[in-house]
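The values are calculated or read from the model by the stated rules, or taken from the named source; none is laboratory data. Keep in mind that what you see is a predicted model, and the values were worked out from it rather than measured. Here the Cβ positions follow ideal geometry from the backbone for every residue, glycine too, while neighbour counts run over all protein chains shown.
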C-alpha cells in the first residue's frame, strides 16, 4: 500500500481507479480519462495533487540562496504573491527538478517540487544551503488541489468564503494570495486558466465537497498528463532529467543569464554548452500515418540522424497522436518515427499543440 492523501476516501467513494504514483495511491481516472480531459478543456476539472511537495524557506539569507540555487532569477519576484517557474540544476547543467517558487514575504518563499523527486530535492536543497542563513521546512500538513479550465475561477469562487472571492477575482497569471494558511495561485499544468490551492489537510475534504457542489469534475492523473502534453509542458523524468540541460529541453526561456554577476548552480556548464554550440532541441510531432506515438521511440530525420520521443500519447483535442521529441537541430518540417519496425511519417510543429482550448496546429 502506498501513501494516501487526505482525499483518499473521497477518491474511493467516487470509484476512482487508484494507481501507484511516486509511492502514493493516486486516482488515474474516475471512469473516463477522455471525458475528464474534455471537461477541463471545456469547463472546469479538479485534481488532487497533494502528493507534490511544498517547502517553506525562510530567513535573512533566503533571497540570496534562491538566486544561487535556481537557474531563473527570483529578483523577478518584485512583489509579494508573485510566482516564478524555474529549473534547479546540478553543476553539470542537468535538471535536478523543475519547480514553482512563490514569494510570500521579504524573507519567506514557498517552493513546490515534484513528488517523485522529493527525497533528492530536499537533500540537494539542504546541501546547497550550508553557507546561507536560512531555515528549510517541508509542509507535511497541507493538501493541494488544482482547479483548471475556462470556467475554473468562476466555479472556484462558489466554494470560497466571501473574503477570498475578491482576492481570486483580482489574481493575475502567476500570482498568488496567501491568507489564513491558504495559498491560492493562478497557476496550473494543463494549458488552461485556473488556480492551484495549497491548504491545511484538515480543511481539504469540505473544500473538495464544495467544489463538487459548484460543478467542478474530479479528474485523474491520466487526463492531467494528456492535458499538459497538448500544452507542451515538460514532465520531469521524461522530457528532462539530471543528465539533460534546459537548453535541449525547450526551457531556455527559464534561464536568467543576466545580470552577468549573478552566479547560479550550473551556469558555467550552460555557458560552455552554448559556446560549443547546442546541437539538439525539443520539438512537437504530429503523426500523419496510423499508429500511436510513445515515449522512447526513435525519431529519424531526412539526413538519417536520429532523435528520441520523450513524451508521446493520443491527443483528445486534436484526435491525433502527438509527441515531444529531443532531436538534432537540423530537423526539417517532417521526419519519421520507428514504430514496431515501421517508419511512420510525422509533421514537425512548434510547441504547444493546444492553446486556450483551441488547436494551434491546423493541418
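Couple of notes before you dig in:
- Looking only at residues in segment 171-194 that are touching a helix residue (DSSP H, G or I) at 6+ places or on another chain (Cβ under 7 Å) and assigned to a loop (DSSP other than H, G, I, E, B), the one that is surrounded by the most Cβ atoms within 10 Å (Cβ to Cβ) is 190.
- For segment 308-322, the count of residues that are farther than 26 Å from residue 191 by Cα and free of Cβ contacts under 8 Å to residues at least 40 places away in the same chain is zero.
- Condition check for residue 229: surrounded by 15 or more Cβ atoms within 10 Å (Cβ to Cβ), closer than 30 Å to residue 165 by Cα, in contact with a strand residue (DSSP E or B) (Cβ under 6 Å, 6 or more places away or on another chain) and touching a residue at least 40 places away in the same chain (Cβ under 8 Å): no
- Only one entry in 143, 223, 159 is modelled with pLDDT of 95 or more and either out of contact with any helix residue (DSSP H, G or I) (no Cβ under 6 Å at 6 or more places or on another chain) or over 22 Å from residue 98 (Cβ atoms) (or both), namely 159.
- Test result for residue 237, more than 13 Å from residue 88 (Cα to Cα), in contact with a helix residue (DSSP H, G or I) (Cβ under 9 Å, 6 or more places away or on another chain) and either in contact (Cβ under 8 Å) with a residue 60 or more places away in the chain or surrounded by fewer than 18 Cβ atoms within 10 Å (Cβ to Cβ) (or both): yes
A quick yes/no check of all residues on (1) surrounded by 16 or more Cβ atoms within 10 Å (Cβ to Cβ); (2) modelled with pLDDT under 95; (3) more than 23 Å from residue 223 (Cα to Cα):
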position	(1), (2), (3)
298	no, no, yes
320	yes, no, no
324	yes, no, no
330	no, no, yes
335	yes, no, yes
345	no, no, yes
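- The set of residues in segment 301-320 that are touching a helix residue (DSSP H, G or I) at 6+ places or on another chain (Cβ under 6 Å) and assigned to a strand (DSSP E or B) comprises 311, 313, 315.
- Candidates in segment 110-169 are the residues that are closer than 24 Å to residue 263 by Cβ and free of Cβ contacts under 8 Å to residues at least 60 places away in the same chain; of these, the one that is surrounded by the fewest Cβ atoms within 10 Å (Cβ to Cβ) is 130.
- Tally, over segment 210-220, of residues that are assigned to a helix (DSSP H, G or I), surrounded by fewer than 22 Cβ atoms within 10 Å (Cβ to Cβ) and touching a residue at least 40 places away in the same chain (Cβ under 8 Å): 2
- For the criterion of being more than 19 Å from the chain's Cα centre (by Cα) and either in contact (Cβ under 8 Å) with a residue 40 or more places away in the chain or part of a loop (DSSP other than H, G, I, E, B) (or both), residue 263 passes.
- Residue in segment 159-170 that is more than 23 Å from residue 228 (Cα to Cα) and assigned to a strand (DSSP E or B) present: no
- The residue list 270, 344 contains one member that is in contact (Cβ under 8 Å) with a residue 60 or more places away in the chain, outside any loop (DSSP other than H, G, I, E, B) and either in contact with a strand residue (DSSP E or B) (Cβ under 9 Å, 6 or more places away or on another chain) or on the phi < 0 side of the Ramachandran plot (or both), which is 270.
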